[in-house]
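The values are calculated or read from the model by the stated rules, or taken from the named source; none is laboratory data. All values derive from a computational prediction rather than experimental measurement. Cβ coordinates were reconstructed from backbone atoms using ideal geometry, including for glycine residues, and neighbour counts include every protein chain displayed. In case anyone asks, the SASA skips ligands and DNA or RNA and just uses the protein heavy atoms, side chains included. Shrake-Rupley method; radii C 1.70, N 1.55, O 1.52, S 1.80 Å.
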Amino acid sequence: MEEFLCTTCGTQYPASSTPLEECVICREERQYINPNGQEWTTLDEMICSGKYRNKIVSEQPGLFSIKTEPDFAINQSAFLVEENHFNLLWDCIPYLDQETIDRILEKGGIDAIALSHPHYYSTQVQWAETFDCPIYIHEDDKQWVQQESDYIVYWSGDEKRIADGLVLHRLGGHYRGAAVLHWESGGAGGVLLTGDVIQVVPDRKWVSFMYSYPNIIPLPASTVDRMAKKVDSLSFKELYNAFNRHVKKDADKVVQRSAERYIAALKGEWFNT
Ligand SMILES: [Zn+2]
Ligand SMILES: [Zn+2]
């Protein structure tokens, strides 16, 4: 029996003797099945290969990014946010080895894990068991959880305060339960961690929004308008996505301006081609 792990999205499945024919997360239109056919590995296999290592980088006081090298699956970063002696792991990555565990334990371990959306669930249950902490997932995305666990706490509504200064906000869009993390006292004026629910683009003066990134399917104008209005009530100046991109100043204005441009583009009012 093995806990098979999809090499395209990094989702781990409950122990079984043979893997599924196709990964449930990848066969859906927001992801894709490997064009060469579905491939599986296991966390043990990854560790034994000696090929991978997690790089932990201090992004700013109280914030560390954690990313696997070389690139694996979707290749997102997770973040460890330290707020008032509470350590929150924001989003998750598939690879977890003893060196990573030791380095996180040196920082005081993990008190809770919170997920932006199903593409990053990866080996979240393994992380929760290792650090003996709850996983917060919005109940609207429950159907996408492949590995159930008593560690999972399904939250509902539009807001969930995990600890002092650490609040989840459901924005929807990319997934129905898609959430961002508001680190209220982070940086100078608040930090928003968004996974790819709000995506930072190469031009850091802008962000974007998508239903599917790999398949380039946009969101409706009304959805982006609703997301921007929810974010407008939050106080923040910086924004981090899951792919090493950081809006360093005026991120609140950047989100509003980008939502306006996106909606104008969808309506055919932004450019004439
Ligand atoms: Zn997959
Ligand atoms: Zn995604």
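Does Q12 count as away from ligand 2 (no atom under 16 Å from the Cβ), buried (at least 20 other Cβ atoms within 10 Å of the Cβ) and not aliphatic (A, V, I, L, M)?
Details: away from ligand 2 (no atom under 16 Å from the Cβ): yes; buried (at least 20 other Cβ atoms within 10 Å of the Cβ): yes; not aliphatic (A, V, I, L, M): yes.
Against the criterion (away from ligand 2 (no atom under 16 Å from the Cβ), buried (at least 20 other Cβ atoms within 10 Å of the Cβ) and not aliphatic (A, V, I, L, M)), Q12 qualifies.
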From the options E238, E269, E260, residue that is charged (D, E, K, R) and under 19 Å from the mean Cα position of the chain (by Cα): E238
Counted residues, the range 158-173 - those being farther than 16 Å from K229 by Cα and either assigned to a loop (DSSP other than H, G, I, E, B) or open to solvent by 10 Å² or more (accessible area, probe 1.4 Å) (or both): 6
Total residues in the range 99-139, condition among the charged types (D, E, K, R), in a loop (DSSP other than H, G, I, E, B) and touching a Gly at 6+ places or on another chain (Cβ under 9 Å): 1
Cβ pairs under 9 Å, 6+ apart, first in the range 228-249 and closer than 21 Å to E159 by Cβ and free of Cβ contacts under 8 Å to residues at least 24 places away in the same chain, second hydrophobic (A, V, I, L, M, F, W, C) and buried (at least 17 other Cβ atoms within 10 Å of the Cβ): K229/A259
In the range 185-203, residue nearest to Y121 (Cα to Cα) [restricted to those that are surrounded by fewer than 18 Cβ atoms within 10 Å (Cβ to Cβ) and modelled with pLDDT of 95 or more]: V201
The lone exception for I56 - which of (1) farther than 28 Å from P218 by Cα; (2) part of a loop (DSSP other than H, G, I, E, B) it fails: (2)
From the options D252, D196, D203, residue that is of a type in the set (D, E, K, R), farther than 27 Å from E139 by Cβ and in a loop (DSSP other than H, G, I, E, B): D203
Filtered residues of the range 204-221 (kept if open to solvent by 60 Å² or more (accessible area, probe 1.4 Å) and touching a helix residue (DSSP H, G or I) at 6+ places or on another chain (Cβ under 9 Å)): R204, K205, P218, P220
Output for the range 59-91, where each listed residue is assigned to a strand (DSSP E or B), open to solvent by 50 Å² or more (accessible area, probe 1.4 Å) and more than 19 Å from T130 (Cα to Cα): E59, E69
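If I ask for residues that are among the basic types (K, R) and closer than 16 Å to Q76 by Cα, which ones from the range 1-35 would you list?
The first filter runs over the range 1-35 and keeps only residues among the basic types (K, R), leaving 27, 30.
R30 - this is the single residue of the range 1-35 that is among the basic types (K, R) and closer than 16 Å to Q76 by Cα.
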Check on T18, part of a loop (DSSP other than H, G, I, E, B), loosely packed, with under 13 Cβ neighbours inside 10 Å, at pLDDT 95 or above and not basic (K, R): yes
The range 22-41 residues that are farther than 15 Å from P214 by Cβ, paired with ones that are of a type in the set (K, R) (beta carbon under 9 Å, 6 or more apart): Q38/R27
Leading residue by the ranking (nearest to ligand 2 (Cβ to nearest atom)) among those in the range 28-39 that are more than 27 Å from W90 (Cβ to Cβ) and open to solvent by 40 Å² or more (accessible area, probe 1.4 Å): I33
